[in-house]
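The values are calculated or read from the model by the stated rules, or taken from the named source; none is laboratory data. What you are looking at is a predicted structure, and each value in this text was computed from that prediction instead of being measured. Quick reminder, even Gly has a Cβ in these numbers, built from the backbone with ideal geometry, and neighbours come from all protein chains shown.
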Amino acid sequence: MSATEGFATMVRQLIRAGIAACIALAAILPAPVRAAEPTTLRIGHNGFTSELPFFVGRDAGIFAKHGFNLELIFITGGSTAIQALVGKSLDLLLGGATPMLYAVLRGAQMKIVAGVYNRIPFALLSQPEIRAGAQLKGKKIGITRFGSNTDFVVRLAAAEFGLNPKSDIQIIQSGSSDARLSAMRSGAIDATLFNIEQAMVAKKLGYNQLIDYAEKDIDYAHVAVIARDDTLKTQPEMLRRFLRAYVEAIRYHKTHKEEAVKKSLQLLKGLDRQIAELSYQTNLKTLPDDGRVPAKGVQLVIDAAVLEDPKARNYTPQQLMDLSFLP
């Protein structure tokens, strides 16, 4: 055998020995750890303004950092969204305490686990010829659906005007805010509720503002994070992790105005920057830094529900909330 052939043979033997050593080493080393797949959460919501921390936080990667992929699903009407949560089409809901309480009175098992928007954001606007609340007697007032937040606030406003919401006004299910604005334009309804941004648009169209609850600074669980009881029992660590991400997203939203305003303009087509900035300033006041909801904001919901269903007086805010998952 020549020197060249001997060298080639030696190289082949070394390669075979190296491969065998690698195979043996691989057999005793632990398998590489793969990054955990993010948990996808289907979260229903009824609006866009107060829910901005979820959109801004998702875009900023905050929820992904905590292991979540958020599917934010818009559903018109709080009572419809509650049905989707009960039916397990949703994992969580950003919704009002009013439709939640009515569902609980019918046997649903769910709780508020965090606060999102702790004030009443609505203004009641009417046709131009209606200049005072008392003139709403016998008139048609549009809401999204019966049992919704808008239903509750219309009844609250009627009582403030000295009107009986059961006999002095006609409450009409009129759908989304866009649908209610169309109903106002056609004369199908005489008044309706709009949030801060929509109210500014409606006033520019000539409609008359009768009352602005946003200025009254009333504690009310307008939007909360709502979870079924089975989620609380079977996925407590997931819920704690999600709420840590949520509180972080609130703080990020409050310190990143430009991102929040741009997201508002993207989500709400036709919104001008002045209104988007006003909405942002409102969120600074109404979004809770700690993610909590005041008990008296839930008590207001209970007190109003008693007028429709006396069984509501059997509940306390503490029975409808579980804030122990918050950081």
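Have a look at 185, 155 and point out the one that is touching a residue at least 60 places away in the same chain (Cβ under 8 Å) and either under 22 Å from the mean Cα position of the chain (by Cα) or not assigned by TED's automatic domain parsing to the domain that holds residue 104 (or both).
Result: 155 is the single residue among 185, 155 that is touching a residue at least 60 places away in the same chain (Cβ under 8 Å) and either under 22 Å from the mean Cα position of the chain (by Cα) or not assigned by TED's automatic domain parsing to the domain that holds residue 104 (or both).
Restricting attention to the range 293-301, does a residue exist that is in a loop (DSSP other than H, G, I, E, B), in contact with a helix residue (DSSP H, G or I) (Cβ under 9 Å, 6 or more places away or on another chain) and closer than 26 Å to residue 154 by Cα?
Yes: the range 293-301 contains one or more residues that are in a loop (DSSP other than H, G, I, E, B), in contact with a helix residue (DSSP H, G or I) (Cβ under 9 Å, 6 or more places away or on another chain) and closer than 26 Å to residue 154 by Cα.
Any idea which of (1) touching a Lys or Arg at 6+ places or on another chain (Cβ under 8 Å); (2) modelled with pLDDT of 95 or more is the one residue 255 doesn't satisfy?
Looking at each condition in turn, residue 255 falls short on (1).
Please name all residue pairs, on different chains or six or more residues apart, with Cβ atoms under 9 Å, provided the first residue is in the range 275-303 and is at positive phi and the second residue is in a loop (DSSP other than H, G, I, E, B) and at pLDDT 90 or above.
Going by the 9 Å Cβ cut-off, the qualifying pairs are 291/323; 291/326; 291/327.
Mind listing whichever residues of the range 242-273 are more than 17 Å from the chain's Cα centre (by Cα) and of a type in the set (D, E, K, R)?
The answer is 257, 258, 259, 262, 269, 272, 273.
Please go through the range 222-234 and give me each residue that is surrounded by 16 or more Cβ atoms within 10 Å (Cβ to Cβ) and out of contact with any strand residue (DSSP E or B) (no Cβ under 7 Å at 6 or more places or on another chain), ordered by number.
Listed by number, the list holds a single entry, 231.
Condition (residue is more than 24 Å from residue 82 (Cβ to Cβ) and either in contact with a Ser or Thr (Cβ under 9 Å, 6 or more places away or on another chain) or not in a helix (DSSP H, G or I) (or both)) applied to the range 228-241: is it met by at least one residue?
Yes: the range 228-241 contains one or more residues that are more than 24 Å from residue 82 (Cβ to Cβ) and either in contact with a Ser or Thr (Cβ under 9 Å, 6 or more places away or on another chain) or not in a helix (DSSP H, G or I) (or both).
When you scan the range 310-318, do you find a residue that is farther than 22 Å from residue 235 by Cβ, touching a strand residue (DSSP E or B) at 6+ places or on another chain (Cβ under 7 Å) and part of a helix (DSSP H, G or I), even just one?
No, there is no match, as no residue in the range 310-318 is farther than 22 Å from residue 235 by Cβ, touching a strand residue (DSSP E or B) at 6+ places or on another chain (Cβ under 7 Å) and part of a helix (DSSP H, G or I).
List the strands (runs of 3 or more DSSP E) that sit entirely inside the range 55-151 and contain at least 1 residues that are out of contact with any His (no Cβ under 9 Å at 6 or more places or on another chain) and hydroxyl-bearing (Ser, Thr, Tyr).
The qualifying strands (runs of 3 or more DSSP E) are 123-126.
Return yes or no: is residue 206 free of Cβ contacts under 8 Å to residues at least 40 places away in the same chain and surrounded by fewer than 19 Cβ atoms within 10 Å (Cβ to Cβ)?
Criteria not met by residue 206.
Yes or no: residue 274 among the polar types (S, T, N, Q), under 30 Å from residue 106 (Cα atoms) and outside any loop (DSSP other than H, G, I, E, B)?
Judged against the criteria, residue 274 is not a match.
I'm trying to understand the selection: among the residues of the range 189-203, which are in a helix (DSSP H, G or I) and modelled with pLDDT of 90 or more?
202, 203, listed by residue number.
When the range 186-203 is examined, which residues are found to be exposed (fewer than 15 other Cβ atoms within 10 Å of the Cβ) and either closer than 18 Å to residue 269 by Cβ or of a type outside the set (D, E, K, R) (or both)?
Within the range 186-203, 186, 187, 188 qualify.
Go over the candidates 287, 278, 239 one by one and state the one that is closer than 20 Å to residue 120 by Cβ and buried (at least 20 other Cβ atoms within 10 Å of the Cβ).
Unique residue meeting the criteria: 287.
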